[in-house]
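For reference, the structure discussed in these notes is given below.
Throughout, read-outs are computed from the coordinates displayed, never taken from laboratory work. Bear in mind the structure is a predicted one, so any value in this text is a computation, not a measurement. For neighbour counting, all protein chains shown are included, and Cβ atoms are generated from backbone atoms with ideal geometry for every residue, glycine included.
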Amino acid sequence: MKTEFHRYRAGLVQLLLDTDPIHTGSWQRIDTSTSPAHATYELMDVVVRLKVPPSVGQLQEQLQPDLPWAERHFLERIGGVPLNPPPSHEIWPHGKFNDRHLDQGQFSHTYPERYWPREAGAIPTGIRFRYGDLQDLLNLLMRERLTRQAYLPVWFPEDTGVHHGKRVPCTIGYHFMVRDDELSCRYYMRSCDIYRHFTNDVYMTARLMQYVASCLNEDITKTPVRVGELIMYISSLHAFVGDKSKLEAMING
């Protein structure tokens, strides 16, 4: 059954199909210049707003992400271990595309690594101070519930200019704020494929909000925090021309 979220997503897909395709010549650092199927429909500066429900079951019913992969990968992200590759990549539901990004058995980055960079090893410090991680963000919110500084980056300085020529994250980062005992999140993305990734990206960020709220609510001396609104900013929401029939099915399904 099509939910309100899926009707909204279908509207975005229709807007994409109404655009004139562009061809950037590459996809995640792979040369696609001779592949017409890799031209993309594109919408720029897309803002998505979603009221996140309090339970995992309600969220899964609302979004219908790619399960079990999406939940398993979310748990890998928050698990405290910088997995590379994360085991869930073996059950990625959209084929073996990810395997072409493996280099000597590892990806150029993973979200578990970016959530837990100090555990990843090679560069544990920045210019002045050590790297922070998801636990540091939680500690900050626990100390200072009204802080404006609770930001978790996924795009790191090592990605700037893509000087290494490798694949880089689509996510820039997450900014959490608590007001009136309600947790909101602003989720910044440079790039998002609406067919393979959009729903899963929304799902895993909403799950992250639920997780952050649950951690804050472990302090029973404070008023419980409710999960609030997810605001998602996407610089480039796009879809491949080669996926046109699948996109039309998303509209009509």
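Per-residue counts of other Cβ atoms within 10 Å, averaged by peptide: what ranking do you get for 238-246, 45-53, 198-206, highest first?
Result, highest mean Cβ count within 10 Å first: 198-206, 238-246, 45-53.
Projecting each Cα onto the charge dipole of segment 4-252 (Lys/Arg +1, Asp/Glu -1 at the beta carbon, about the Cα centre), which of Val48, Leu140, Phe74 comes out farthest on the positive side?
Farthest towards the positive pole: Leu140.
Tally the DSSP beta bridges in the chain and give the antiparallel ones as a percent, rounded to 5.
75 percent
222 nm [θ] for the chain, helices only, -39500 (n - 2.57) per DSSP H run of 4+, per residue, to 500?
-9000 deg cm²/dmol
Equivalent ellipsoid semi-axes for segment 203-253, as square roots of 5 times the alpha carbon gyration tensor eigenvalues: give them largest first, rounded to whole Å. All intermediate terms of the calculation are to be shown ahead of the outcome.
Details: eigenvalues 285, 27, 14 Å².
The equivalent ellipsoid of segment 203-253 has semi-axes of 38, 12, 8 Å.
Of Thr221, Gly253, His197, which is farthest towards the positive pole of the chain's charge dipole, taken about the Cα centre with +1 and -1 on the beta-carbons of Lys, Arg and Asp, Glu respectively?
Among Thr221, Gly253, His197, the one farthest towards the positive end of the dipole of the chain is Thr221.
So which aspartates and glutamates can Lys2 reach, going by Cα to Cα under 16 Å and dropping same-chain residues fewer than 8 places off?
Counting by Cα, and skipping residues close in sequence, Lys2 has these aspartates and glutamates nearby: Glu61, Asp66, Glu248.
Please compute P(r) over all alpha-carbon pairs of segment 4-252, binned at 5 Å starting from zero, and give each bin as a whole-number percent.
The percentages, shortest bin first, are 1, 6, 12, 17, 19, 18, 13, 8, 4, 2, 0, 0, 0.
Below 8 Å, C-alpha to C-alpha, sequence gap of six or more: please give me the relative contact order for segment 4-252 in percent.
Rounded, it is 28 percent for segment 4-252.
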